[in-house]
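The values are calculated or read from the model by the stated rules, or taken from the named source; none is laboratory data. Values in this document were obtained by computation on a predicted structure and should not be read as measured data. Glycine also receives a Cβ, built like all others from the backbone with ideal geometry; neighbour counts cover every protein chain displayed.
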Amino acid sequence: MKKTLIYLFGFLAVPFFFTTYAFAHTPLCSCYDNGDGTITCEGGFSDGSSAAGVSMTVQDKDGKAVTEGRMTEDSEFTFKKPEGDYTVVFDAGPGHVVEVPGSEITE
């Protein structure tokens, strides 16, 4: 009987520990051209969490940082549009990085 209870507990406990993955939040970042020489990016997480304070980097085609900053309290980051190819990097830590190529940013 004791052995059966241990197996039953183990069987019921394992799914409980895996449900935490269902509540994980995925980073989201979207950027658009303001039409005035600036770009604005809006960020957040799939669970509705704010991205305030998340590190933002604009890199040139060689990966060199052109602009660095952080998301505002409103989860926004605005920067002057660089010349040439660039990528915007939303970096909320390991496993929470989003890269937006400049070629995909439109008005």
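Across the range 59-80, the number of residues qualifying as buried (at least 16 other Cβ atoms within 10 Å of the Cβ) and under 18 Å from PRO94 (Cα atoms) comes to 1. Just for the range 91-104: of the residues that are loosely packed, with under 10 Cβ neighbours inside 10 Å and within 14 Å of the chain's Cα centre (by Cα), which one is modelled with the lowest pLDDT? Checked the range 91-104; the qualifying residue modelled with the lowest pLDDT is GLY95. Checking the range 61-68 against the condition returns no match, with no residue being closer than 13 Å to THR26 by Cα and not aliphatic (A, V, I, L, M). When GLU83, GLU107, GLU73 are checked against the criterion of being in a loop (DSSP other than H, G, I, E, B), over 12 Å from the mean Cα position of the chain (by Cα) and without any contact (Cβ under 8 Å) to a residue 12 or more places away in the chain, GLU83 stands alone in meeting it.
Restricting GLY53, GLY35, GLY48 to residues that are at pLDDT below 95 and assigned to a loop (DSSP other than H, G, I, E, B) narrows the list to GLY48. Assess whether VAL88 counts as being β-branched (Val, Ile, Thr), without any contact (Cβ under 8 Å) to a residue 60 or more places away in the chain, more than 16 Å from ASP33 (Cα to Cα) and crowded, with 18+ Cβ neighbours inside 10 Å. Answer is no for this residue.
Scoring GLU83 on the criteria (1) more than 17 Å from THR38 (Cβ to Cβ); (2) surrounded by fewer than 11 Cβ atoms within 10 Å (Cβ to Cβ) leaves a single failure, condition (1). Of the residues making up the range 31-47, those that are surrounded by 15 or more Cβ atoms within 10 Å (Cβ to Cβ) and over 9 Å from the mean Cα position of the chain (by Cα) are CYS31, ILE39, CYS41, GLU42.
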